[in-house]
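Derivation of every value follows stated rules applied to the coordinates shown; laboratory data play no part. Just so it is clear, the structure is predicted and the values come from calculations on it, not from any experiment. Note that each Cβ is placed from the backbone with ideal geometry, even for glycine, and that neighbours are counted across all protein chains shown.
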Amino acid sequence: MTTPIIDLHSHWFSPSSVAHLSDRTYGPRITTDTSGVKALHRPAAGETPLPFVLGNQWFDIEARLAHLDANHVKHQLLSWPTTLGVDPALSADDTRLIWRDYNDELAALVRQHPRHLSAVAALSTSDISWSVTELKRSHEELGLIGAVLPVNGFASLAAARHFAPLFAEAQKHKSHIYLHTGYAHPQISGQPPVWLHADNPQVRGTLDTAWQFASSVITLAYTGFLDDYPDVTVQVAMLGGSGVIALVAEAAKAWALRHGSVPKDRFERLWLDTGAAGQGPAAIAAAVRVLGADRILFGSDYAPAPDIAPVIANVQAAGLSETDAQKIFYSNGHALLARHGIQLD
C-alpha cells in the first residue's frame with residue numbers, strides 16, 4: 001500500500017485517565033498485573049464481564065506513530081473509546097474530572113504531533129450543561145475540532161433531543177461530532193436497552209450493535225434533528241450499521257416508486273467510517289453501492305485493534321473503482337479535516 005491514508009477512527013488512553021480509573025476500587029476501574037499489563041474492569045450488566053485487556057497500542061504514542069508510518073497513514077483522528085462504558089457508569093462529578101484532564105492531555109498530544117494527529121474531546125452525558133462549556137473550551141483553548149458521543153444517545157429522536165444544547169454550541173464552532181459505539185448515561189431517555197435480547201449474547205450482540213448504529217442514522221437522516229445545525233459535521237462509526245442502512249435507503253427508494261414521493265433524507269450530512277468490527281469488504285461494497293463513496297471515511301479502530309493493515313485490506317478487497325478507493329482512503333478525510341482547519345498539505 002503506497003497511497004497515503006487518513007484514519008478517522010482511533011482511540012487513546014491518556015495518563016490521567018489511567019490514573020483516575022486505577023484509583024477506583026470497583027468498576028469501571030483499571031488494574032495492572034505484576035507484568036505491567038493493564039485491564040479495564042467494567043460494571044456488570046447481568047453477568048460479570050471479563051476484564052478487557054488493554055494492549056500497548058492504547059498508550060504508546062511512539063509505537064503508534066511508527067505503525068502509522070509503516071502503513072502509509074498520514075494522519076489520524078483520536079477520540080475516547082465510548083465503547084468501554086466508562087461515562088454512563090460514573091457520576092457527573094467523576095466524569096467532569098476525568099474528561100477535563102483527558103481533554104487537556106489530548107490537546108497537548110496533538111500540539112506535539114500536529115502533522116500526524118488531531119482529536120475530538122470527551123464529554124459527559126450526565127451533565128450536558130458542563131459539556132456545552134467543555135466543548136467551547138475544547139475549541140477556543142485546546143485546539144480540538146469537536147467531540148465524541150455514544151451512538152445510542154441518538155437511537156431515537158427523543159434521545160437525540162437531550163443533546164440539542166450541545167449541538168447548538170457545536171454549530172457556533174462548526175464542530176465535528178463523532179458518534180461511536182456505546183451508551184449515554186441512563187438519564188438520557190429514549191435509548192435502547194442494554195440487551196435487546198437475553199439469549200445468545202455474542203451473536204445477538206452483533207445484530208444489536210448494527211441495529212443501534214442504524215437507528216442513530218435513521219434519526220439523523222430521516223428527522224429534522226440536524227436542520228438547525230447546518231455547519232456541524234457528523235461522523236458515524238462502523239459504516240452506520242451499513243447492512244441495515246442499505247436496506248433502509250433502498251426501502252425509501254421503493255416507497256418513492258409506490259407512492260410517488262420519498263421521505264426526505266439527509267444522508268449528505270453524514271460521514272460513515274469503515275471501523276474494524278464486522279465491517280468486511282462486503283459491507284464496504286454495499287455502503288458504496290447504496291450511498292456512494294463520497295461520504296465514506298477510512299477508519300481503522302486502532303486501539304483496540306492492534307493493527308491497521310486488516311482494515312486497509314478490507315477496503316482493497318471491496319472491489320471498488322480506483323477513484324472510490326482513493327476517496328475512502330484519503331480524499332474524503334482530507335476534505336473533512338480541511339473544513340475544521342486541519343491542513344495536511
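Some notes on this structure:
- Label point distance in nm, Gln171-Leu157, each placed 7 Å from Cα along Cα→Cβ: 1.7
- Convex hull volume per residue for segment 178-247, taking Cα atoms only, in Å³: 108
- Taking the inverse of the mean reciprocal distance over all distinct Cα pairs, the Kirkwood hydrodynamic radius of the chain comes to 20.3 Å.
- Expressed per residue, the C-alpha convex hull volume of segment 129-245 stands at 99 Å³.
- In sequence order, calculated HN-Hα J values of segment 209-216 (Karplus, 6.51, -1.76, 1.60; Hz; x Gly/Pro): 5, 4, 4, 5, 5, 4, 4, 5
- Each label was represented as a point 7 Å from its Cα along the Cα-to-Cβ direction; for Asp228 and Gln112 these points are 4.0 nm apart.
- Look at the alpha carbon pairs under 8 Å that are at least 6 residues apart: their mean separation over the length of the chain gives a relative contact order of 18 percent.
- Phi to ³J(HN,Hα) by Karplus 6.51 cos²θ - 1.76 cosθ + 1.60 over segment 326-340, Hz, x for Gly, Pro: 4, 4, 5, 5, 9, 4, 5, x, 4, 5, 5, 5, 4, 4, 9
- For segment 179-190, Karplus couplings with θ = phi - 60° (6.51, -1.76, 1.60), whole Hz, Gly/Pro x: 9, 10, 3, x, 9, 7, 4, x, 5, 7, 6, x
- Lys-Lys pairs in the chain that are eight or more residues apart or on separate chains and whose Cα atoms lie under 16 Å of each other come to 4.
- Nonlocal amide H pairs with Leu179, under 5 Å, H built at 1.01 Å: Leu149, Gln235, Val236, Ala237
- Amide hydrogen neighbours beyond the local backbone of Ser124, cut-off 5 Å, H modeled: Ser131
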